[in-house]
Amino acid sequence: MKTSRIGIHLLSVLLLSLWGAVLLYFYASGRLVHYLPDDGIFRPMVLVAGIGLFVLGLFNLATIGAKEDDCCDHDHGHHHDKDDGHQHHEGCGHDHSHEKHDEHQHAGCAHEKEHKHEHDECCGHDHHHEEKPKVASCGHDHSHDHDHDHAHHEEDHAGHAHGILNESGPMGRLVAILILTVPVTYAAINTPDKFSANAVVNKGLYNPTYGKGARAEEYSLNNKEGKKTSMADPTVGALTPGVATPSDPANAIPAANPKEVDKQAAKGGAQTKSFGSFTMKDLEAQIAKSPEGNFMLEVPEIYYTAGDKEVQSVLNGQPIETIAQVLPEKVNNANGTRVRIFKMLVQCCAADARPYSIPVDFGKEPPKFKDMSWVKVVGKITFKQENDQTVPLLEATSMTEAAAPDSKMTY
């Protein structure tokens, strides 16, 4: 029993070490960037959890020889059936029935009896029965029937413990070990750090709600607080119309003409709410350009332009460049001239990632591409009304293979 206990103890150490090693591996190898955002406590907690599991395993290893407290769960049933029937010889002529402490004084007869039960030390008590029937030495037959029923559940207390590995049989232990080791080992070795095409489709690739979502404010180009919006230069902030700034103290941006905004927005099919004035100067202040003069936007930024008709009025017809993954287009593509580009956007972790996508139209058969590959698309942004939605559509002039970015998902 002791050997079995030590074996189970060592097995628990190995299981804890395995789980700790997997967590530390994902953290140290950098694979964690594909699953958790870099802000908040998510990534540090993976490190802390991995170290904690290792420390717990080392503690279990260091205490493998420690003696466990004895567990005493005894049922002491003391049935003292003492029918001390003393059959005296004819000379006495009487019957003595003794229960517990009966003291009989008979002439010339003294009988002293001490009954003491010594139990296992785990019980912590002493059973001491004294029965001193003092009887005259007259040849009595003192018959004491002591029926002590001690039901002791003593199953090797030195090896007594609780847990599935202790209480299960061999088959149960094997199943528990497989459950605790196989999934985590498989995940560490074989889990890909990217979504399959089928997974992306199931996450709503072809069912977008353009311009709407929890991150609309964060990725809006109509950004008056200088938030990060540019692919190339995240430090550049927006300017506020009518207000001088340190970088441009002499020239405040003039407010937009509302009638002109509505006119331009209508050309793009925009039917959404206006959030305030927005001009080309706003766009240029926030979004960097490529050497070729293209505004470099991320797909989520393009996606959310469908929610701001003033941004559409400025952006409509502008040259755009973006890097994204590509899949075939399966909606509104009767002529077969479109593809769909997307980027995964993570709210909390990879489990809640969803694709933010826009259609790309070539006006002819699209270039050949590999599903889920990374491409750089250059074209002109337009806005179309399709299926009761304002759709940001990129009219492409080129699509070429591109290297995958360091972070394949947007956080």
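The values are calculated or read from the model by the stated rules, or taken from the named source; none is laboratory data. Owing to the predicted nature of the structure, the values given are computational and were not obtained by experimental measurement. Glycine also receives a Cβ, built like all others from the backbone with ideal geometry; neighbour counts cover every protein chain displayed.
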Search region 325-353 for residues being surrounded by fewer than 18 Cβ atoms within 10 Å (Cβ to Cβ) and in contact (Cβ under 8 Å) with a residue 60 or more places away in the chain, and hand back the single one that is nearest to the chain's Cα centre (by Cα).
-> C349
Answer residue from region 181-193, given it is at pLDDT below 90 and under 18 Å from the mean Cα position of the chain (by Cα) and is surrounded by the most Cβ atoms within 10 Å (Cβ to Cβ) among those = A188
Looking at region 280-340, what helices (runs of 4 or more DSSP H) fall wholly within it and have at least 1 residues that are closer than 29 Å to V200 by Cα?
-> 299-304, 309-315
So which residues in region 356-392 are within 25 Å of S220 (Cα to Cα) and more than 37 Å from the chain's Cα centre (by Cα), if there are any at all?
-> D361, V378, G379, K380, I381, T382, F383, K384, Q385, E386, N387, D388
Picking from D70, D84, D75, which residue would you name as being over 30 Å from L32 (Cβ atoms), exposed (fewer than 12 other Cβ atoms within 10 Å of the Cβ), at pLDDT below 55 and over 34 Å from the mean Cα position of the chain (by Cα)?
-> D75
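Just the residues that are in contact (Cβ under 8 Å) with a residue 40 or more places away in the chain and either out of contact with any Asp or Glu (no Cβ under 7 Å at 6 or more places or on another chain) or farther than 19 Å from V346 by Cβ (or both), please, taken from region 22-57.
Residues satisfying the conditions are V22, Y25, F26, V33, Y35, L36, P37, D38, D39, F42, L56, G57.
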Just one listed residue, out of E298, E225, is acidic (D, E), surrounded by fewer than 17 Cβ atoms within 10 Å (Cβ to Cβ) and at pLDDT 50 or above, and it is E225
